[in-house]
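Here's the structure we're looking at; comments come further down.
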Amino acid sequence: MPKEDAIEVMGKVVEKFKAGMFGIEIDAGKIVLATMAGKLRRNRIKIMNGDKVSVELSPYDLTKGRITYRHK
C-alpha cells in the first residue's frame with residue numbers, strides 16, 4: 001500500500017495488549033486496534049494509557065492501524 005493512501009487520524013490510548021498492540025479511541029469515538037511503527041520500536045518510545053497518538057489507518061480495513069507518532 002502506498003504511504004499516501006493511508007488515513008491519518010488522532011486518538012488516545014485506552015488499552016494496552018500483549019505483543020505491542022494497543023486499543024486506540026479515535027476522535028470519531030470508535031476504537032481501533034493498532035501496533036507501533038518500526039521507528040517507534042527502534043527508538044524505544046514508550047506508549048502508555050492516556051497518551052495522544054497519531055494513527056495511520058488502512059483504507060481497506062478501518063479497524064486496524066499503525067501508531068506513527070506519540071504527542072507530548
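Taken together, the values in this text are just the output of simple stated rules run on the coordinates, not laboratory data. What you are looking at is a predicted structure, and each value in this text was computed from that prediction instead of being measured. Here Cβ is always computed from backbone atoms with ideal geometry, including for glycine, and neighbour counts include all displayed protein chains.
Using alpha-carbon pairs under 8 Å, 6+ residues apart, how would you state the relative contact order of the chain in percent?
34 percent
Arrange R41, R66 by Cβ neighbour counts within 10 Å, fewest through most, would you?
In order of increasing Cβ crowding within 10 Å: R41, R66.
What dipole magnitude, in Debye to the nearest 20, does the range 21-72 give about its Cα centre under +1 on Lys/Arg Cβ and -1 on Asp/Glu Cβ? Walk me through the numbers on the way to the answer.
On the way: 11 positive and 5 negative charges, 86 e Å.
So the magnitude is around 420 debye.
Using helices alone, I'd like the mean residue ellipticity at 222 nm for the chain: each DSSP H run of four-plus residues gives -39500 (n - 2.57), total over residue count, nearest 500. List each step's numbers first, then the result.
Values: 1 runs with 5 residues, N = 72.
Calculated at 222 nm, the ellipticity per residue is -1500 deg cm²/dmol.
Kindly provide the pair-distance distribution of the chain built from C-alpha pairs, with 5 Å bins from 0 and whole-percent values in order of increasing distance.
In order of increasing distance, the bins hold 4, 18, 32, 26, 15, 5 percent.
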